[in-house]
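Colleague: Before anything else, here's the structure in question.
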Amino acid sequence: MTKPANCKPSCEQIIDILPGPFMIIDRDYRIVSTNEAYRKHYDVRSEDVVGRHCYEVSHRSQVPCSQNGEHCPLEDCYRTGEVTHVVHVHYDKHGAEEQVQLQAVPILDADGRVLYIGEYVQPPRPAAEEHALLVGRSRPLLRMISLLQRVAPTQTTVLLLGESGVGKERVAQYLHHYSNRSGHPFVVVDCSTLGENLIESELFGYERGAFTGAARLKRGLFEAARGGTLFIDEIGELPLPLQSKLLRVLETGAIRRLGGTDYIPVDVRIIAATHRDLPSMVEAGQFRHDLYYRLSAFPIEVPTLRERKDDIPALAEYFLSHLPDGERQIPLSPSVTERLLDYEYPGNVRELGNIIERAAILAGDGVIEPEHVRLKDTPRSAAKQTTRDEEPPHPVGPTHRRQRHSDEEVLRVLTQCDGHRLAAAQRLGMSERTLYRRLQRMRG
């Protein structure tokens, strides 16, 4: 029996036409429907996800993502009735974390009220390592990421504030990666390493014959970053005369090379960063107030490592995984992790990376032990070290070496946790990412 010609397609038939992963979610965070692309990408059946909360499926969480410090696109979309873009951490079909771009679109009823939201899920680009840009899941980091998610898709100038070594360049890369400029250059200039004349020629370029030794035309970093992002690090070190020139670029969108007469339009987004107190510099006449107000349209404070200590184990494993043969040192023993957590890190994430690299070198062919973790003396770490020095040395033997779980033990714990990788990883004393890599090696 043929269907009537006026038979309307179902909701599932309509969303299956969409090429990428897509789901419909109601006001109570429950998944109403998913399309074929979603089910294929995440290797699930419709009955595996429909009726469940979106935060449970996507985030492995028992509460909405907004309660974990993240920006919830569903809540925004229901509140404003407008399309919302964010970046979130989801889990792929293997249970590994991946950062995805989300677009929440309101689905209205006959009276124009938001009935459901449709959520497009854009998986990460294959060539990119998004997980490496910002490592960790602490509340201070998630709060910052929530701000980054809001401002990344815009053209707004961003000012990154924070101590040296907190990772401001990584934050700038994150903003660039999730902007509509990600297919264009990301260019960095560090004002603290260049003299005034060199900064000017690097930023703006010069014409042939502009000064002695200028034998050819040189295009500056503004031109090199055309269409993309220019990250100006340590902008507090920028001399006053160049501050005036930078302000003009921000106001006009054009530059003039040294020795040149014509203004050249440049389409560049500026992200600036500093560890200095710019308001105090403005009061002291060391920084232009008009440039400061132009740059600080959207200031973001990058948290210190002291404020996000929960991220130290994940960061330490990340640094180890990028060292030659560092993978074999993962996971770190509880005693090494405890020693890392006892330190205050005046040099922040950069200092942690140096400590891990040095520890791996000192460990040689063995495993990293607490004595390989060399820390600068601070009041807290010095007190801890004094306590350790008073303790009798432990004999070196298998029971005092870092525990390495056998494959059988890993599988047994995973079975006891009903296949839940996060719970199994916590019981085994390792990160979920480490457990995932271990399982992959076992399967291979």
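The values are calculated or read from the model by the stated rules, or taken from the named source; none is laboratory data. The shown structure was predicted, so the numbers you read here are calculated from the model rather than taken from an experiment. Cβ atoms come from the backbone with ideal geometry, glycine included; neighbour counts cover every protein chain shown.
Colleague: Of the numbered conditions (1) surrounded by fewer than 19 Cβ atoms within 10 Å (Cβ to Cβ); (2) at pLDDT below 95, Pro299 fails exactly one; give the number of that condition.
Modeller: For Pro299, the failing item is (2).
Colleague: Please enumerate the residues belonging to the stretch 255-265 that are in a loop (DSSP other than H, G, I, E, B) and either among the hydroxyl-bearing types (Ser, Thr, Tyr) or touching a strand residue (DSSP E or B) at 6+ places or on another chain (Cβ under 6 Å) (or both). Lay out the reasoning, then the answer.
Modeller: Taking the stretch 255-265 first, the residues in a loop (DSSP other than H, G, I, E, B) are 256-257, 259-263.
Correct list: Arg257, Gly259, Thr261, Tyr263.
Colleague: Further question on the same structure: Just give me the residues in the stretch 309-347 being more than 26 Å from Arg438 (Cα to Cα) and crowded, with 22+ Cβ neighbours inside 10 Å, in sequence order. Don't jump to the end; show me each part of the working.
Modeller: Quick first cut of the stretch 309-347, residues more than 26 Å from Arg438 (Cα to Cα) only: 342-347.
Matches in the stretch 309-347: Tyr345 only.
Colleague: Further question on the same structure: Could you please find all residues in the stretch 40-57 being aromatic (Phe, Trp, Tyr) and in contact with a strand residue (DSSP E or B) (Cβ under 9 Å, 6 or more places away or on another chain)?
Modeller: The answer is Tyr42, and nothing else.
So that you can scan it fast, the table gives a plain yes or no per residue for (1) under 22 Å from the mean Cα position of the chain (by Cα); (2) not assigned by TED's automatic domain parsing to the domain that holds Leu340; (3) not in a helix (DSSP H, G or I):
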| position | (1), (2), (3) |
| --- | --- |
| Asp267 | no, yes, yes |
| Ile270 | yes, yes, yes |
| Ala273 | yes, yes, yes |
| Arg276 | no, yes, yes |
| Val282 | no, yes, no |
| Gly285 | no, yes, yes |
| Tyr292 | no, yes, no |
| Asp311 | yes, no, no |
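Colleague: Considering only the stretch 313-327, I want to know if a residue exists there that is within 15 Å of the chain's Cα centre (by Cα) and aliphatic (A, V, I, L, M).
Modeller: Yes, some residue in the stretch 313-327 is within 15 Å of the chain's Cα centre (by Cα) and aliphatic (A, V, I, L, M).
Colleague: Looking only at the stretch 183-195, decide whether some residue is at pLDDT below 85 and of a type outside the set (Ser, Thr, Tyr).
Modeller: Taking every residue of the stretch 183-195 in turn, at least one turns out to be at pLDDT below 85 and of a type outside the set (Ser, Thr, Tyr).
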